[in-house]
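K.L.:
This is the structure I have questions about; it appears just below.
Every read-out reported here was derived from the displayed coordinates using simple, explicitly stated rules and does not represent laboratory data. What you see is a predicted model, and the numbers here were worked out from it, not measured in a lab. Cβ sites come from the backbone with ideal geometry, for glycine too, and all protein chains shown count toward neighbours.
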Amino acid sequence: MATSLPTPEPLKVVQIDGLVVLKIIKHCRESYPTDVTGQLLGLDDKGLLEVTNCFPFPLDGDDDTSAQYQLDMMRCLRAVNVDNNTVGWYRSAHLGNFVDANLIETQYSYQNSLSANSVVIIHDVSKSAAQSNLSLRAFRLQDAFMKAYEAKKFTTESLAQAKLSFSNIFEELPVKVHNSHLVTLMLHNLEMPTLDSSRLRTLSTFASSQKEQSVADEARPLAPNFDVLDLELDPFMQKNLEYLLDCSDLQQQEQNNYQYWQRSMAREQTKMQTWLTKRKQENVHRAQQGKPLLPEDEVNTLFKLPAEPSRLESMILSAQMHNFTKQLNQFAGPSLARLYSIQELQK
Amino acid sequence: MASTSDALYVSVGNIGTAPHQRPFTCTVSPVVLFAVLDQYLRRDEQQSKAIGALLGVRSDDGSEVEIRNSFGVIYTEESSEIVVDKEHYRNMYELHQRVNPEEVILGWYTSGTGLSPAISPIHSTFAPDTAPFHPIHVTFDTESLIKSDGLGVHAYTSAPVGFSSTSGDSIFLPVQCEIKYLDAERSGLDMLASAKSTETRSASLLSDMDHLEVAVNKLQEMLERISRYVDSVVEGKEKPNNAIGRYIMDTVSVVPKVDTTAFEKMFNSHLQDLLMVVYLANMTRTQLSITEKLNLLVPN
């Protein structure tokens, strides 16, 4: 580029508008179980990334049509005064299985082409449903990793030099949710209780109380949500463990690849050594007989050392496994708390 | 909130009437509310209200209408008539269709109160897309948000009336309209609602443990309130209310009474499963960190 853009300030926080949160949830939930993506629009201001609107991408279509779709959508949205600035993209995930090569590639192209401050927001559909706690995380690739990805060199040495490992591929940013005044007003109005005690009718049996549930529910749509106190933990843990096992299998394959490469390297090197010693012997022989010496550096052209396989895949897998284990831990904490509280209740 | 004002509903509905003439209820998803308010905030200086189209699904027999999505359209005011930019509207609709083909145009909305004769022409622009159903018109009253406790959302359907030749003339009949949301949205909405009490109108996302803590605190608070109420009734300070008493009794009796040994067994096995998984997870993590350290130590 002719002129260099001023380097933006490093991002510290991502602030998402309420509207964007709801739109992302709606889009991801509607397309369960396929993963979907969409674009984030907003402003980047002094280390605070504000996301004010978003739109989903259609699933079908190749690069050209989706680029066209993007342009059309942005144009139409600009007509209604929506911020026209792309600041990142979002993606849906299930139980944390989002770390893969696709994610890194897309995020890399966003960070490269748009600005160093693009983020990817991952909304975890199954986790939000299981824990009834909204799971929305923001990530961006770290600079060191970006440089390595550009060079496309992922040998063990280059990684060790750059001190890169699976834990510093991504940088997670804290996410805040923000509402406008009007929306805040509406939320307050939504919560106004409309049922007072004089209007309650006496219930005769337990069965009739079940039918009357709806009356109480209607009264307070934002009543405290106690789904989080559910004890059900088997499906979540099961799925998590399944994913973890799949990941370890893949990791095992990668390890095998690497070992195979190491073995073939070793074989080639021994072959080289034997050939070199033979050459040396011959040279000594010839020196004795006074004939011209044979070159020794033919060794490099005769024997090709196999290229080291890229460690990127195994790094990604390790990051993914790390994520799963972290999730399991995080899930176990509240589950223990719930179990013990049930025990107390029984006494 | 359900509008229960005495209203003139489209009354007759049986198998004989055509689907588009039957009465229906309409539910609005919270995304639409937020989107409309956002558009209202971002409108141009001269325009006094925001207008847009509503997308959603209709149940098969036409009796339930769900409004799930919306987008704004641009309009110009020419000689006290409002003209909608059709091309922009078409484009947006097509783009939305590509992502979600099952959402169809159900109607349109405006952000001001009141219905005036001026809106009939706009109504007729949306009519061809919703044929044979009549477009639903929803008003989001921002003034009433500020002044009263209600939400200011009213829905109307049109019915052709009179003998005039202009096609748009119709009377607008109020329709019952309520806000409905699903489980996944619930957690998001709770998150947003927690932001409403802070000074800066923002809240950061809670970790799972914090979320549990908040819920347990709320539960405790509720139990305190109830026990205080019961105490005061027993002491005679408050009038006993049979309905509330009944509710309390039902709630308390919901806790299942399980035999202690059976409970101990269940509890322990559950606990053991949990601990075993945690142990395995931690072992994997240590393994991963060891590989990380080893990789970094490779001599060059």
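K.L.:
Shielding of A:78-85 by partners, i.e. mean partner chain Cβ atoms within 10 Å per residue? Don't skip to the answer; put the middle values down first.
P.N.:
On the way: counts 0, 7, 14, 9, 4, 1, 0, 0.
Other-chain Cβ atoms within 10 Å of each residue's Cβ, averaged: 4.
K.L.:
Sticking with this one: For the stretch B:206-255, with the dipole built from +1 on Lys and Arg beta-carbon atoms and -1 on Asp and Glu ones, taken about the Cα centre, which of B:242, B:253, B:211 lies farthest toward the positive end?
P.N.:
B:242
K.L.:
Identify all lysines with a Cα-Cα distance to residue B:180 below 19 Å; exclude those on the same chain that are fewer than 8 residues away in sequence.
P.N.:
Result set, ordered by chain and number: A:23, A:26, A:211.
K.L.:
Highest mean first, how do A:321-331, A:87-97 rank when packing is the count of other Cβ atoms within 10 Å averaged over residues? All intermediate terms of the calculation are to be shown ahead of the outcome.
P.N.:
Values: A:321-331: 20.4, A:87-97: 22.1.
The most tightly packed comes first, giving A:87-97, A:321-331.
K.L.:
Now for a different question. Of A:329, A:260, A:319, whose Cα points farthest to the positive end of the dipole of the stretch A:259-347 (charges on the beta-carbon: +1 Lys, Arg; -1 Asp, Glu; origin at the Cα centre)?
P.N.:
A:260
K.L.:
In terms of Cα to Cα distance under 19 Å, which lysines are near enough to residue A:46, apart from those fewer than 8 places away along the same chain?
P.N.:
Here the lysines satisfying the reach criterion relative to residue A:46 are A:12, A:176.
K.L.:
If the cut-off is 26 Å between C-alpha atoms, which lysines fall inside it for residue A:271, apart from same-chain ones fewer than 8 positions away?
P.N.:
The reachable lysines, counting only those whose Cα sits under 26 Å from residue A:271, are A:280, A:291, A:304.
K.L.:
Take peptide B:243-253, look around each residue's Cβ out to 10 angstrom, count Cβ atoms belonging to other protein chains, and average those counts. Walk me through the intermediate numbers first.
P.N.:
On the way: counts 8, 3, 1, 8, 7, 0, 2, 5, 1, 0, 1.
Rounded to a whole number, the mean comes out at 3.
K.L.:
Right, another one. With θ set to phi - 60° and the Karplus curve 6.51 cos²θ - 1.76 cosθ + 1.60, what are the ³J(HN,Hα) couplings of the stretch A:95-100 in order, to the nearest whole Hz, using x for Gly and Pro?
P.N.:
Whole-Hz 3J(HN,Hα) from phi for the stretch A:95-100: 6, x, 8, 9, 7, 8.
K.L.:
Order these by the 10 Å Cβ neighbour count, fewest first: A:345, B:219, A:187.
P.N.:
On the way: A:345 9, B:219 14, A:187 23.
In increasing order of surrounding Cβ atoms, one gets A:345, B:219, A:187.
K.L.:
What size of dipole, in debye to the nearest 20, comes out for the stretch A:13-181 about its Cα centre when the only charges are +1 on Lys and Arg C-beta atoms and -1 on Asp and Glu C-beta atoms?
P.N.:
Values: 15 positive and 20 negative charges, 83 e Å.
Charge dipole of the stretch A:13-181: 400 debye, to the nearest 20.
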